[in-house]
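Data block below; observations after.
The values are calculated or read from the model by the stated rules, or taken from the named source; none is laboratory data. Note that the structure is a prediction, hence the values are computed from the model and not measured. Virtual Cβ from ideal backbone geometry, glycine too; neighbours counted across all protein chains shown. Calculation scope for accessible area: heavy atoms of the full protein, side chains included, ligands and nucleic acids excluded. Shrake-Rupley method; radii C 1.70, N 1.55, O 1.52, S 1.80 Å.
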Amino acid sequence: MNRVAFAKSIYGRFRAIHHSAFKQFADHRQTQQLLDAGPVASLLKSRGVIRFRGPDTLKFLQGLLTNDVRSFGEPLGEKTANVPTPNVPAATVPPLYAALLTPQGRFLYDFFLYKPPKPHTKLDDTGSAPASNPHDPFHLFADVDASALDELLNTLKKYRLRSKVEIDDVTEDFSCWQRYGTGVPEKSSNEEEPEAASLGWGAGVDNVAASSSRASNIGWQWFKDPRLACLGFRGIFPSNTIPPLVEVDKETDEQNYLLWRIEQGVAEGSSEIPKGEAVPLEYNLAGLNAISFDKGCYVGQELVARTHHRGVIRKRVVPLKFIDGDGKEVENKVIPGSDVINTASSKKAGTVTTALGCRGLGLLRLDDAFKGSNTLSIQGQEDVKVVASKPDWWPSEWLQDQQQTAFA
């Protein structure tokens, strides 16, 4: 059996162990069980991976996306320094979260952008000297919504015109992973969590990773999620491999990551943020570090800037819990698209955008959202009550602005 076939065989056995060991946990969607499980990791099959290559990559993306991508072209600073590790870069640029909008300022697609380290920024396998071949062409990777991948590629190529940038689907070669849950540190610096923030293929503490890394000229690693510290760590890794720090009994179904995001009030991808309809600030993209208000022009910038400077966002995405009249959680009775009604006024308060078991996300009017468990219900299912909650990470001014507007 050759090395490739042997590696795939071993990988398959480990994946079988992972899924059988964690099957029971993945079937339970209650928040407390996810919290008690400690740090877990999920392969995000809902995400695909694309690659941008060419000298005009940054210029091309800077004119399209909501965030400022120029940091990927700047010299590396001390803030991104990692502990010295073979085949892991001595310094890295953190990933960036961004969105592509319609010319009218409505959401289309989201991107997690990663700049792979160049070989000359990494140590060799002795850990004592830089690797060779420093002249690789500039390129970026992005994990994107897999369900909209073909459509996204066509959209990007329409905007490309004569820009010198190649855009390729590399989903078969790379996969996106998320590491999250209780026990994942929520610290402000990579240097405070070197094990996760710096560990990649080739790290000395992971012999399998070290062996794998020496067959590749790229050191892949975990990064802190660029949106919120409470979301944990994210990264793209070669397909048919299990990333470092993923324990044998702690790989879990992607739906548990969805549940974790729902609890934090974070929507992701075009299936949860409606294409061509969603207003970015209502889906909290500014609070999730997806928008730069200083970068200058990009597609759809006018509406975003006007809404931001006006300072009033009347609706936002919030976490929801579905209960019955006795306060007990009700499972699988609500579907995305269901209207949420204010029972006191009989007026629509918003819409359920995502639902999983007894939890969900909803785009609700803020002056209706937080008035107690008896004021909101699902239209046509009045026995299903809706409880909205304010995520801990929300800036206090979001509700203060709404209250000031209500009393004005």
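So, Arg227, is that one at pLDDT 95 or above, charged (D, E, K, R) and part of a loop (DSSP other than H, G, I, E, B) or not? Yes; evaluated as a whole, the condition is true for this residue. The set of residues from the range 241-251 being within 20 Å of Ala146 (Cβ to Cβ) and open to solvent by 10 Å² or more (accessible area, probe 1.4 Å) comprises Thr241, Ile242.
No other residue among Asp392, Asp326, Asp367 is closer than 25 Å to Leu258 by Cβ and of a type in the set (D, E, K, R) apart from Asp392.
Let's see how each residue does on (1) surrounded by fewer than 18 Cβ atoms within 10 Å (Cβ to Cβ); (2) touching a Leu at 6+ places or on another chain (Cβ under 9 Å):
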{"position": "Glu272", "(1), (2)": "no, yes"}
{"position": "Pro280", "(1), (2)": "no, yes"}
{"position": "Gly287", "(1), (2)": "no, yes"}
{"position": "Ile291", "(1), (2)": "no, yes"}
{"position": "Leu303", "(1), (2)": "yes, yes"}
{"position": "Thr307", "(1), (2)": "yes, yes"}
{"position": "Gly311", "(1), (2)": "yes, no"}
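Scanning the range 32-53 for residues that are at pLDDT 95 or above, assigned to a loop (DSSP other than H, G, I, E, B) and open to solvent by 10 Å² or more (accessible area, probe 1.4 Å) turns up Lys45, Ser46.
Take Gln104 and tell me if it is in a loop (DSSP other than H, G, I, E, B) and modelled with pLDDT of 55 or more.
Numbers: in a loop (DSSP other than H, G, I, E, B): yes; modelled with pLDDT of 55 or more: yes.
Here the answer is yes, as Gln104 does meet what is asked.
Residues considered: Ser389, Ser373, Ser377. Of these, the only one that is modelled with pLDDT of 90 or more, hydroxyl-bearing (Ser, Thr, Tyr) and over 19 Å from Leu288 (Cα atoms) is Ser377. Restricting the range 223-240 to residues that are over 15 Å from Leu44 (Cα atoms) and among the basic types (Lys, Arg), the residue that is most open to solvent (accessible area, probe 1.4 Å) is Lys224.
Selection of the range 347-390 for residues being free of Cβ contacts under 8 Å to residues at least 60 places away in the same chain, open to solvent by less than 40 Å² (accessible area, probe 1.4 Å), closer than 17 Å to Arg314 by Cβ and among the hydrophobic types (A, V, I, L, M, F, W, C) yields Ala349, Leu364, Leu366, Ala369, Leu376.
Quick test for you: out of Val299, Val334, pick the one residue that is touching a Pro at 6+ places or on another chain (Cβ under 7 Å) and either open to solvent by less than 40 Å² (accessible area, probe 1.4 Å) or of a type in the set (A, V, I, L, M, F, W, C) (or both). Val299 is the lone residue from the list that is touching a Pro at 6+ places or on another chain (Cβ under 7 Å) and either open to solvent by less than 40 Å² (accessible area, probe 1.4 Å) or of a type in the set (A, V, I, L, M, F, W, C) (or both).
Gly204 passes every criterion in (1) modelled with pLDDT under 75; (2) in a helix (DSSP H, G or I) apart from (2).
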